[in-house]
Amino acid sequence: MTRGRALVLGDPGPWICSGMTGGRVYLRHWPEMGLTEEAMRRRLAKGAKVAVKPLDARGVEDVRELLSAYIRVLREAKREEKARRLETLLEDPARHFRMVEPVGQQVEQGVSTE
């Protein structure tokens, strides 16, 4: 990813953020399901030059915008129960999400990201 924003509501799987040079990824912080900051860091791709951090003001705004759009789509699809569950995350995005962003330009040539 070179720019843009992504919101991940579940387990991101292994090797997330491989080749990330810009943008932001917002990961669900959900300790009850094992999605802790430590677990997020374990899932980062080898050689990823990124940091997992608490949301800043822009992050809170991004999460609210992205999650609200998804909730609208769920409601249009008559998935009201799921929409209501996710809507509770909007009350305190900083508690429920962490952001991942690059810490600098990736220059390590020994790790392929293709």
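Assorted remarks:
- Candidate set: region 15-36, residues that are in contact with a Lys or Arg (Cβ under 6 Å, 6 or more places away or on another chain) and either part of a helix (DSSP H, G or I) or surrounded by fewer than 18 Cβ atoms within 10 Å (Cβ to Cβ) (or both); chosen: the one modelled with the highest pLDDT: GLY23
- Filter result for the condition that a residue is in contact with a Leu (Cβ under 9 Å, 6 or more places away or on another chain), part of a loop (DSSP other than H, G, I, E, B) and either of a type in the set (D, E, K, R) or in contact (Cβ under 8 Å) with a residue 40 or more places away in the chain (or both), over ASP11, ASP62: ASP11
- Of the listed requirements (1) within 16 Å of PRO93 (Cβ to Cβ); (2) out of contact with any helix residue (DSSP H, G or I) (no Cβ under 8 Å at 6 or more places or on another chain); (3) not charged (D, E, K, R), TYR70 misses just one: (2).
- Test: LEU89 is in a helix (DSSP H, G or I), within 19 Å of ARG24 (Cβ to Cβ) and either at pLDDT below 95 or not basic (Lys, Arg) (or both): yes
- Hits in region 67-85 (condition: part of a helix (DSSP H, G or I), surrounded by fewer than 17 Cβ atoms within 10 Å (Cβ to Cβ) and among the aliphatic types (A, V, I, L, M)): ALA69, VAL73
- Failed condition for ASP11, given (1) out of contact with any helix residue (DSSP H, G or I) (no Cβ under 9 Å at 6 or more places or on another chain); (2) modelled with pLDDT under 95; (3) surrounded by 12 or more Cβ atoms within 10 Å (Cβ to Cβ): (1)
The values are calculated or read from the model by the stated rules, or taken from the named source; none is laboratory data. On a predicted model such as this, the values are computed, not experimentally measured, just so you know. Neighbour counts run over all protein chains shown; Cβ positions are idealised from the backbone, glycine included.
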